[in-house]
Amino acid sequence: MEQRTFQIDDQWNIIYYPERPSGFSVMVIGDRSHFVEKDSSFWLQHPGRLQILEHLKEDGYTLFSSNFHGANWGSPKALDLSLNLYILFLKKEIVNQRVHILAEGTGALLALKLMNELGNKIRSVVLIDPVFSLKAQLEKEKENKFFFKKWLSEVAAAYELDLAECEQHILDTEDSVIAENIPMKVIQVFGSLRKEQASLYRQIQLARKADLQLTYILPEKRYKIPYQIQKFFNENEETL
(Lines give C-alpha, C1' and ligand atoms only; values in the text may rest on other atoms or scores of the structure.)
Protein backbone atom coordinates (compact mmCIF):
# COMPACT_ATOMS: atom_id res chain seq x y z
CA MET A 1 0.00 0.00 0.00
CA GLU A 2 1.60 3.25 -1.16
CA GLN A 3 -0.92 5.57 0.49
CA ARG A 4 -4.29 5.62 2.17
CA THR A 5 -6.83 8.39 2.68
CA PHE A 6 -9.37 8.97 5.44
CA GLN A 7 -11.54 11.80 6.72
CA ILE A 8 -11.44 13.93 9.86
CA ASP A 9 -14.27 16.46 10.23
CA ASP A 10 -15.17 16.16 6.52
CA GLN A 11 -11.56 16.92 5.45
CA TRP A 12 -9.55 14.34 3.52
CA ASN A 13 -6.20 13.28 4.96
CA ILE A 14 -3.50 11.10 3.46
CA ILE A 15 -0.61 8.91 4.60
CA TYR A 16 2.22 8.11 2.18
CA TYR A 17 3.96 4.85 3.06
CA PRO A 18 7.60 3.99 2.27
CA GLU A 19 8.62 0.52 1.15
CA ARG A 20 11.13 0.21 4.00
CA PRO A 21 10.04 2.39 6.95
CA SER A 22 12.75 3.99 9.05
CA GLY A 23 10.38 4.78 11.89
CA PHE A 24 10.53 8.54 11.31
CA SER A 25 7.64 10.60 9.96
CA VAL A 26 6.93 13.97 8.35
CA MET A 27 3.81 16.10 8.45
CA VAL A 28 3.48 17.92 5.10
CA ILE A 29 1.73 21.31 5.02
CA GLY A 30 1.39 22.74 1.53
CA ASP A 31 0.97 26.22 0.07
CA ARG A 32 -2.41 27.82 -0.70
CA SER A 33 -2.92 25.60 -3.77
CA HIS A 34 -2.40 22.45 -1.70
CA PHE A 35 -5.20 19.89 -1.54
CA VAL A 36 -5.94 16.31 -0.51
CA GLU A 37 -8.82 14.41 -2.09
CA LYS A 38 -10.21 10.90 -1.68
CA ASP A 39 -7.98 9.39 -4.37
CA SER A 40 -5.25 11.97 -4.91
CA SER A 41 -3.41 15.05 -3.65
CA PHE A 42 -1.50 18.04 -4.94
CA TRP A 43 1.79 16.40 -3.95
CA LEU A 44 0.95 13.32 -6.02
CA GLN A 45 -0.03 15.38 -9.07
CA HIS A 46 2.72 18.03 -9.11
CA PRO A 47 6.04 16.72 -10.54
CA GLY A 48 8.27 18.81 -8.28
CA ARG A 49 6.39 17.92 -5.07
CA LEU A 50 6.19 14.28 -6.15
CA GLN A 51 9.98 14.26 -6.48
CA ILE A 52 10.32 15.43 -2.87
CA LEU A 53 7.72 12.90 -1.73
CA GLU A 54 9.35 9.95 -3.48
CA HIS A 55 12.83 10.92 -2.34
CA LEU A 56 11.79 11.03 1.32
CA LYS A 57 9.86 7.76 1.00
CA GLU A 58 12.96 6.11 -0.44
CA ASP A 59 14.81 7.22 2.69
CA GLY A 60 12.19 5.47 4.81
CA TYR A 61 9.99 8.37 5.86
CA THR A 62 6.25 7.93 6.41
CA LEU A 63 4.63 11.19 5.36
CA PHE A 64 1.17 12.43 6.25
CA SER A 65 -0.91 15.44 5.31
CA SER A 66 -4.41 16.88 5.13
CA ASN A 67 -6.56 19.12 3.01
CA PHE A 68 -6.39 21.49 6.01
CA HIS A 69 -9.59 23.26 4.89
CA GLY A 70 -7.94 24.43 1.65
CA ALA A 71 -6.24 27.83 1.58
CA ASN A 72 -6.31 28.19 5.37
CA TRP A 73 -3.69 30.90 6.06
CA GLY A 74 -2.93 29.35 9.44
CA SER A 75 -6.54 29.55 10.66
CA PRO A 76 -7.69 28.16 14.04
CA LYS A 77 -9.77 25.42 12.40
CA ALA A 78 -6.75 24.30 10.35
CA LEU A 79 -4.67 24.23 13.53
CA ASP A 80 -7.29 22.12 15.32
CA LEU A 81 -7.41 19.72 12.40
CA SER A 82 -3.62 19.40 12.25
CA LEU A 83 -3.47 18.61 15.98
CA ASN A 84 -6.21 15.97 15.61
CA LEU A 85 -4.38 14.49 12.64
CA TYR A 86 -1.12 14.38 14.60
CA ILE A 87 -2.78 12.54 17.51
CA LEU A 88 -4.61 10.07 15.27
CA PHE A 89 -1.53 9.40 13.14
CA LEU A 90 0.61 8.54 16.17
CA LYS A 91 -2.11 6.27 17.55
CA LYS A 92 -2.49 4.31 14.32
CA GLU A 93 1.05 4.16 12.91
CA ILE A 94 4.20 2.55 14.30
CA VAL A 95 6.54 5.55 14.20
CA ASN A 96 8.78 7.57 16.49
CA GLN A 97 6.68 9.94 18.62
CA ARG A 98 8.62 13.04 17.55
CA VAL A 99 7.70 14.14 14.02
CA HIS A 100 9.34 16.35 11.42
CA ILE A 101 7.35 19.11 9.70
CA LEU A 102 7.77 20.11 6.06
CA ALA A 103 5.83 23.23 5.07
CA GLU A 104 5.72 25.34 1.94
CA GLY A 105 4.65 28.95 1.30
CA THR A 106 1.58 29.90 3.35
CA GLY A 107 1.78 26.52 5.05
CA ALA A 108 4.52 28.03 7.21
CA LEU A 109 1.84 30.07 9.04
CA LEU A 110 0.27 26.83 10.25
CA ALA A 111 3.65 25.21 10.91
CA LEU A 112 4.71 28.05 13.23
CA LYS A 113 1.52 27.64 15.26
CA LEU A 114 2.07 23.90 15.48
CA MET A 115 5.59 24.50 16.78
CA ASN A 116 4.13 26.49 19.66
CA GLU A 117 1.45 23.89 20.36
CA LEU A 118 3.58 20.75 20.17
CA GLY A 119 6.98 22.02 21.33
CA ASN A 120 9.58 19.26 21.63
CA LYS A 121 7.19 16.72 20.13
CA ILE A 122 8.43 18.21 16.85
CA ARG A 123 11.85 16.91 15.86
CA SER A 124 12.69 19.54 13.23
CA VAL A 125 11.05 21.88 10.72
CA VAL A 126 11.86 22.64 7.08
CA LEU A 127 10.16 25.60 5.40
CA ILE A 128 10.29 26.16 1.62
CA ASP A 129 9.72 29.75 0.39
CA PRO A 130 7.78 30.48 3.59
CA VAL A 131 5.27 33.17 4.48
CA PHE A 132 6.04 34.16 8.09
CA SER A 133 3.53 36.97 8.59
CA LEU A 134 -0.12 37.38 7.63
CA LYS A 135 0.18 41.11 8.36
CA ALA A 136 3.07 41.48 5.93
CA GLN A 137 1.09 39.52 3.34
CA LEU A 138 -1.86 41.88 3.85
CA GLU A 139 0.30 44.89 3.00
CA LYS A 140 1.59 43.12 -0.10
CA GLU A 141 -1.88 42.18 -1.31
CA LYS A 142 -3.14 45.75 -0.86
CA GLU A 143 -0.73 46.84 -3.59
CA ASN A 144 -2.92 45.09 -6.15
CA LYS A 145 -6.38 46.47 -5.54
CA PHE A 146 -7.91 44.32 -8.28
CA PHE A 147 -7.13 41.07 -6.43
CA PHE A 148 -7.13 42.39 -2.86
CA LYS A 149 -10.84 41.84 -2.18
CA LYS A 150 -10.61 38.29 -3.51
CA TRP A 151 -7.63 37.60 -1.24
CA LEU A 152 -9.36 39.14 1.76
CA SER A 153 -12.45 37.03 1.06
CA GLU A 154 -10.26 33.93 1.06
CA VAL A 155 -8.75 34.81 4.44
CA ALA A 156 -12.16 35.77 5.86
CA ALA A 157 -13.56 32.39 4.83
CA ALA A 158 -10.57 30.58 6.33
CA TYR A 159 -10.92 32.42 9.65
CA GLU A 160 -14.74 32.35 9.55
CA LEU A 161 -14.98 36.14 9.74
CA ASP A 162 -17.23 38.71 8.08
CA LEU A 163 -15.42 40.33 5.17
CA ALA A 164 -15.91 43.79 6.73
CA GLU A 165 -13.99 42.85 9.89
CA CYS A 166 -11.29 40.67 8.35
CA GLU A 167 -8.67 43.33 7.58
CA GLN A 168 -8.83 44.83 11.08
CA HIS A 169 -8.67 41.36 12.60
CA ILE A 170 -5.41 40.68 10.76
CA LEU A 171 -3.96 44.02 11.88
CA ASP A 172 -4.98 43.41 15.50
CA THR A 173 -3.56 39.88 15.67
CA GLU A 174 0.07 39.36 16.61
CA ASP A 175 2.18 37.15 14.35
CA SER A 176 3.18 33.80 15.81
CA VAL A 177 6.21 33.80 18.06
CA ILE A 178 8.66 31.31 16.63
CA ALA A 179 9.21 28.54 19.15
CA GLU A 180 12.77 28.12 20.32
CA ASN A 181 14.77 24.91 20.60
CA ILE A 182 13.21 23.30 17.53
CA PRO A 183 15.77 23.00 14.72
CA MET A 184 14.58 24.91 11.65
CA LYS A 185 15.79 25.10 8.08
CA VAL A 186 14.52 27.61 5.52
CA ILE A 187 15.02 26.81 1.83
CA GLN A 188 14.56 29.88 -0.33
CA VAL A 189 14.52 29.69 -4.12
CA PHE A 190 16.05 32.80 -5.71
CA GLY A 191 13.41 34.86 -7.48
CA SER A 192 10.56 33.63 -5.29
CA LEU A 193 11.50 35.54 -2.13
CA ARG A 194 8.50 37.55 -1.03
CA LYS A 195 9.89 41.06 -0.47
CA GLU A 196 7.31 41.78 2.23
CA GLN A 197 8.68 38.82 4.20
CA ALA A 198 12.39 39.57 3.67
CA SER A 199 12.92 41.68 6.81
CA LEU A 200 11.41 38.88 8.88
CA TYR A 201 14.15 36.52 7.66
CA ARG A 202 16.75 38.77 9.21
CA GLN A 203 14.83 39.06 12.48
CA ILE A 204 14.42 35.30 12.69
CA GLN A 205 18.09 34.69 11.90
CA LEU A 206 19.14 37.01 14.73
CA ALA A 207 16.66 35.49 17.17
CA ARG A 208 17.29 31.85 16.32
CA LYS A 209 21.08 32.09 15.93
CA ALA A 210 22.43 28.51 15.71
CA ASP A 211 18.94 26.97 15.57
CA LEU A 212 18.27 28.19 12.01
CA GLN A 213 19.79 27.12 8.71
CA LEU A 214 19.06 29.34 5.71
CA THR A 215 19.77 27.90 2.26
CA TYR A 216 19.34 29.75 -1.04
CA ILE A 217 18.85 27.75 -4.23
CA LEU A 218 18.84 28.86 -7.86
CA PRO A 219 15.62 28.01 -9.75
CA GLU A 220 17.47 25.61 -12.06
CA LYS A 221 18.80 23.78 -8.97
CA ARG A 222 15.39 22.96 -7.50
CA TYR A 223 16.20 19.28 -7.90
CA LYS A 224 18.53 19.68 -4.90
CA ILE A 225 15.65 20.52 -2.55
CA PRO A 226 14.78 16.89 -1.65
CA TYR A 227 18.43 16.22 -0.75
CA GLN A 228 18.58 19.36 1.40
CA ILE A 229 15.45 18.28 3.27
CA GLN A 230 16.64 14.72 3.76
CA LYS A 231 20.05 15.84 5.03
CA PHE A 232 18.54 18.21 7.59
CA PHE A 233 16.04 15.63 8.83
CA ASN A 234 18.80 13.01 9.13
CA GLU A 235 20.95 15.41 11.16
CA ASN A 236 18.18 15.73 13.71
CA GLU A 237 17.57 12.04 14.28
CA GLU A 238 20.59 11.18 16.39
CA THR A 239 18.47 11.47 19.56
CA LEU A 240 15.39 9.27 19.49
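The values are calculated or read from the model by the stated rules, or taken from the named source; none is laboratory data. Since the structure is predicted, the reported quantities are computational estimates derived from the model, not experimental observations. Virtual Cβ from ideal backbone geometry, glycine too; neighbours counted across all protein chains shown. Please note that ligands, DNA and RNA were not included when accessible areas were found on the heavy atoms of the full protein model with its side chains. Shrake-Rupley method; radii C 1.70, N 1.55, O 1.52, S 1.80 Å.
Key figures
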{"quantity": "3 or more residues closer than 20 Å to ILE229 by Cα and under 15 Å from the mean Cα position of the chain (by Cα): qualifying helices (runs of 4 or more DSSP H) within the range 38-126", "calculated": "47-58, 107-118"}
{"quantity": "Scope the range 1-22; condition touching a residue at least 60 places away in the same chain (Cβ under 8 Å) and closer than 13 Å to PHE89 by Cα; matching residues", "calculated": "ILE8, ASN13, ILE15"}
{"quantity": "Residues that are open to solvent by 60 Å² or more (accessible area, probe 1.4 Å) and outside any strand (DSSP E or B), drawn from the range 1-37", "calculated": "MET1, GLU2, ASP9, ASP10, GLU19, ARG20, PRO21, ARG32, SER33, GLU37"}
{"quantity": "Restricting the range 180-207 to residues that are among the small types (Gly, Ala, Ser) and either modelled with pLDDT of 85 or more or not in a helix (DSSP H, G or I) (or both), the residue that is nearest to LEU109 (Cα to Cα)", "calculated": "SER192"}
{"quantity": "Per-region count, the range 160-179, residues in a helix (DSSP H, G or I) and either among the hydrophobic types (A, V, I, L, M, F, W, C) or touching a Pro at 6+ places or on another chain (Cβ under 7 Å) (or both)", "calculated": "5"}
{"quantity": "Residue that is least open to solvent (accessible area, probe 1.4 Å), among those in the range 136-152 that are basic (Lys, Arg) and over 20 Å from GLY74 (Cβ atoms)", "calculated": "LYS149"}
{"quantity": "Unique residue being under 30 Å from LYS221 (Cα atoms), surrounded by 14 or more Cβ atoms within 10 Å (Cβ to Cβ), in contact with a helix residue (DSSP H, G or I) (Cβ under 9 Å, 6 or more places away or on another chain) and in contact (Cβ under 8 Å) with a residue 24 or more places away in the chain when the list is SER82, SER133, SER75", "calculated": "SER133"}
